[in-house]
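The values are calculated or read from the model by the stated rules, or taken from the named source; none is laboratory data. The shown structure was predicted, so the numbers you read here are calculated from the model rather than taken from an experiment. Note that we place each Cβ from the backbone using ideal geometry, even for glycine, and neighbour counts take in every protein chain shown.
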Ligand SMILES: [Zn+2]
Ligand SMILES: [Zn+2]
């Protein structure tokens, strides 16, 4: 192999300024009378050259131009802003037949010289372009077609890199639901198609409305509305610039949609999303996973980067019956706070049949779980009495005692909300738990509540 390459590379053209390494390789192939990239390198070597890393063929590596000017724009979809599939301006190639390194920037969508789109597929046969010598003749790289590539210009010309990042994200979410897992390199083989798709979702009110409704209605009506909104929030939460359909999409998240009460099907979220949408901390999520109410995608320890299915939790509740005296958990917030009851504690108690709750899907999980006051009170009391802490942070002390931050700090001045002796780092944010209990008693005597 090595010997063969030495024989074949007899002409070594000079690299052109701003030429991509893969572009140089294509010229090397052409100048040495070859017609296919595979005549000089294998697939693995070709891929490394496209990525701008050493091909491990020393004769070629010596010749390749080095370095890319990667974009400073960060997409949630990929880490390295280097596109591994071609897009070209046919007019530029006809003027000077080399592959510009700027075309590998995934946020570059048009030719600033010719004011035309960068082309990723052949308009005659529809084939995706490949890094093959025909590309430098501005021809289709499908050998059965080989027709000249036509310059095109579309309505989404002149978008900034930030806007293109938004468009690529919208295109991704248009075609995929589920949490975004960023890949190392962009996966946009048909760049033109992604642009049309993403641009339509961000600019066409009708398309945005339909997409939003489809995504909401695809989630069983047994889930709270904030979970049914997840696809829309995923898009809105990551946009870098403003778009005509943003208001429409926001409205759809606020509107009531009659969803089908079909059986609870899997809903996969990033652990981060699951925490936000269920109203729990990562510790709370870990607790739910420990009783199999949350299912992780892998056996690895649950972390904020995990992907989880939240359907077991909602399957648990889907059969729960409501009684007239029940109120949503959200209406008991002070009771929950004062007894340090978090939502996962209630869910796990229901799972272990220690507490009877009703369920009716509302805006969030807290609005959807219903409980009778007496049974929640006795559960909360028991929960609080079983607390075995030595210290809590000030925020928790505020919730448990019902005192304000100022009051806690005033108690501290009087020696009643002491910094725990054994606390180290950040110790002034911690309060001795016995002091918290005393302040709570004191406050209780004043309000006679709980
Ligand atoms: Zn051009
Ligand atoms: Zn073609």
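The table below gives the values:
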read-out	value
Check on residue 151, at pLDDT below 95 and within 28 Å of residue 19 (Cβ to Cβ)	yes
Any hit, the range 165-187, residues being in contact with a helix residue (DSSP H, G or I) (Cβ under 7 Å, 6 or more places away or on another chain), at pLDDT 95 or above, over 26 Å from residue 127 (Cα atoms) and in a helix (DSSP H, G or I)	no
Count - residues of the range 41-100 that are touching a helix residue (DSSP H, G or I) at 6+ places or on another chain (Cβ under 7 Å), part of a helix (DSSP H, G or I) and within 16 Å of ligand 1 (Cβ to nearest atom)	1
Which numbered condition residue 140 fails, given (1) away from ligand 1 (no atom under 16 Å from the Cβ); (2) in contact (Cβ under 8 Å) with a residue 24 or more places away in the chain; (3) touching a strand residue (DSSP E or B) at 6+ places or on another chain (Cβ under 9 Å)	(2)
Flag for residue 25 being in contact with a helix residue (DSSP H, G or I) (Cβ under 9 Å, 6 or more places away or on another chain), closer than 30 Å to residue 235 by Cβ and touching a residue at least 12 places away in the same chain (Cβ under 8 Å)	no
Qualifying residue in the range 242-263 (condition: outside any helix (DSSP H, G or I) and in contact with a strand residue (DSSP E or B) (Cβ under 8 Å, 6 or more places away or on another chain))	no
Search result, residues across the range 285-302 that are in contact (Cβ under 8 Å) with a residue 24 or more places away in the chain, assigned to a helix (DSSP H, G or I) and within 21 Å of the chain's Cα centre (by Cα)	285
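The rows are residues; the columns are (1) within 17 Å of residue 100 (Cα to Cα); (2) surrounded by 12 or more Cβ atoms within 10 Å (Cβ to Cβ); (3) at pLDDT 90 or above.
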{"residue": "21", "(1), (2), (3)": "yes, yes, yes"}
{"residue": "28", "(1), (2), (3)": "yes, yes, yes"}
{"residue": "39", "(1), (2), (3)": "no, yes, no"}
{"residue": "42", "(1), (2), (3)": "no, yes, yes"}
{"residue": "49", "(1), (2), (3)": "yes, yes, yes"}
{"residue": "55", "(1), (2), (3)": "no, yes, no"}
